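Heads up: the structure comes next, in structure tokens.
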Amino acid sequence: MKNKVEEAKKILLGNRKNGYTLPTNNKLYPAQWNWDSAFIALGYSYFNLDFSIIEIETLLNGQWDDGMVPHILFHEKDTSYFPNHTTWQCGKNIPSSGITQPPVLASILRKIVEKNKLNNDQNSRITKVIKKIKNYHDWFIKFRDPNKTGLVSILHPWESGYDNSPIWDQPMSNIKVDKDLNYKRRDLEVSNSDERPLKTDYDRYVTLRDQFRDVQYDPHKLYEISDFNVVDVGFNALFLRANKDLLTLAKNLDLNFDDLNNFVSKTENQILKLYDDNINDFVSKDLKTNLNIVVPSITNYFTLFANLENDQLNKKIINNLKNHNINDNYYFSTIKPNHPSFEEKRYWRGPIWINCNWLIYQGLIKKEPEYANEIKKKTLELIEEKGFHEYYSYKDGSVMGANNFSWSAALYLDLVLEN
Ligand code: GLC
């Protein structure tokens, strides 16, 4: 198969603006996104370490005083996207959204630091970055786990990064949509409606966003008033791993972040408890209704990325993963295909996403190298055969969403060049 390293680099450079990189070169996402930028920074680290550090610095320039790093930074006053900066009405140095996204930055940064020789200037810049990430993690612990449970909540599906996942169907069904919502979606002008979230989803997203804007995004109030409050397995697994990686980064720089240790061990214990042996799967929690959420989502396998210190459970998780897309040529679908909520084409309800495959691969390298390499091979083949798209059908690999998608290119570079 054709090696696409040069093409991947070109995609990143082509999507690059002043100090940050767009998720794609079409009109779908004209801003900087939090977890996209982290993945993108890893891609740059293979051919331009400076771009990689700048990408991260720019993202952190948008950090709020309370420590939150927004999910979107609107560097340009572009209003072709909905919801754009005029509808969020917030941001510190940079107009932004008022919610966050999966905190994968520390884990990515650790990879970048361990693979590269940094000069003095880069070292001191990275030290600043690490301190800001610590504030970000402290913000999560303080405001998203106010009851000190060891698990953090997300207050909007967009915070998960897997926006319209069936995991949110039940908690979102409780949201009473504002009667006089007045907004215009832009995503449908540039992509197929059957590959995007539904109108009911958007009505609820916007209703929540309006609630948050009404309290000026005050983090204490947000936790209290949000009609959506979910402890998600995948999200907490990413945060656990990020805290572990942040501790490693700090140790190497003689920074003392020891106060994190307590939270890490609490999270570790709590995630183990989210595994239900009777159903052989993880359970997320809807804190508004106290109901359990059981959806066979690929994001539950981010628990592999968390490196849980429990071999027995890890084995169970790996066995389940092997049954997720059993006998399929292409994997991993976001939702197990035999589940009633599965939809082949609709965004986070079925398609394959490269970042999910990548996170799972990372989680498996040490635990089951052969299987990990099989996943890597499949993921590379998919990209080499079909190109750098946003998402793909698990049935035949057909492409969907945006083309020239930055994180697909960045993670491709990491998979091909990591050794
Ligand atoms: C969508 C995705 C999200 C991603 C963003 C930019 O909102 O759901 O995960 O970060 O697009 O690519």
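The values are calculated or read from the model by the stated rules, or taken from the named source; none is laboratory data. Source: prediction; values computed, not measured. Cβ atoms come from the backbone with ideal geometry, glycine included; neighbour counts cover every protein chain shown. Quick note on the areas: whole protein, heavy atoms, side chains included, nothing else; ligands and nucleic acids left out. Shrake-Rupley method; radii C 1.70, N 1.55, O 1.52, S 1.80 Å.
Taking only C-alpha pairs under 8 Å that are 6+ residues apart, what is the relative contact order of the range 2-417 in percent?
Reported relative contact order: 19 percent.
How much length is gained on full extension from residue 319 to residue 117, taking 0.36 nm per residue of separation minus their Cα-Cα distance?
Working: separation 202, 0.36 × 202 = 72.72 nm, distance 3.80 nm.
Contour length minus the Cα-Cα distance gives 68.9 nm.
Considering only protein heavy atoms, what per residue accessible area in square angstrom results for the range 2-417 with a 1.4 angstrom probe?
Details: 16270 Å² over 416 residues.
Heavy-atom SASA per residue in the range 2-417 reads 39 Å².
Percent of accessible area on the range 139-256 owned by carbon and sulfur, 1.4 Å probe? All intermediate terms of the calculation are to be shown ahead of the outcome.
On the way: 2200 of 4880 Å².
The nonpolar share, carbon plus sulfur, comes to 45 percent.
Just the number, please: carbon plus sulfur as a percent of the accessible area of the range 314-419, 1.4 Å probe, no ligands or DNA/RNA counted.
Details: 1660 of 3840 Å².
Roughly 43 percent, rounded to a whole number.
Could you check the spin-label model distance between residue 417 and residue 89? Points 7 Å from the Cα along Cα→Cβ, value in nm.
According to this spin-label approximation, the distance is 4.4 nm.
Could you calculate, for the range 83-220, the ratio of the Cα radius of gyration to the Kirkwood radius, expressed as Rg to Rh? Numbers along the way, then the final one.
Numbers: Rg = 18.2 Å, Rh = 17.7 Å.
Answer for the range 83-220: 1.03.
Going down the list 132/184; 148/244; 244/376; 92/142, which pairs span over 29 Å between their C-alpha atoms? The partial results should precede the final answer.
Values: 132/184 35 Å; 148/244 18 Å; 244/376 24 Å; 92/142 20 Å.
Violating the 29 Å limit, Cα to Cα: 132/184.
Using a 1.4 Å probe, how large is the accessible area of residue 115, given in Å² and rounded to the nearest 10?
90 Å²
What is the Cα centroid distance between the range 171-193 and the range 304-318, reported in whole angstrom?
38 Å
Over the chain, with a Gaussian network built from C-alpha contacts below 10 Å, which listed residue (188, 247, 359) shows the highest mean-square fluctuation?
188
Diagonalise the Cα gyration tensor of the chain and give the resulting equivalent ellipsoid semi-axes, square root of 5 times each eigenvalue, largest first, whole Å.
Working: eigenvalues 142, 130, 121 Å².
The three semi-axes for the chain are 27, 26, 25 Å.
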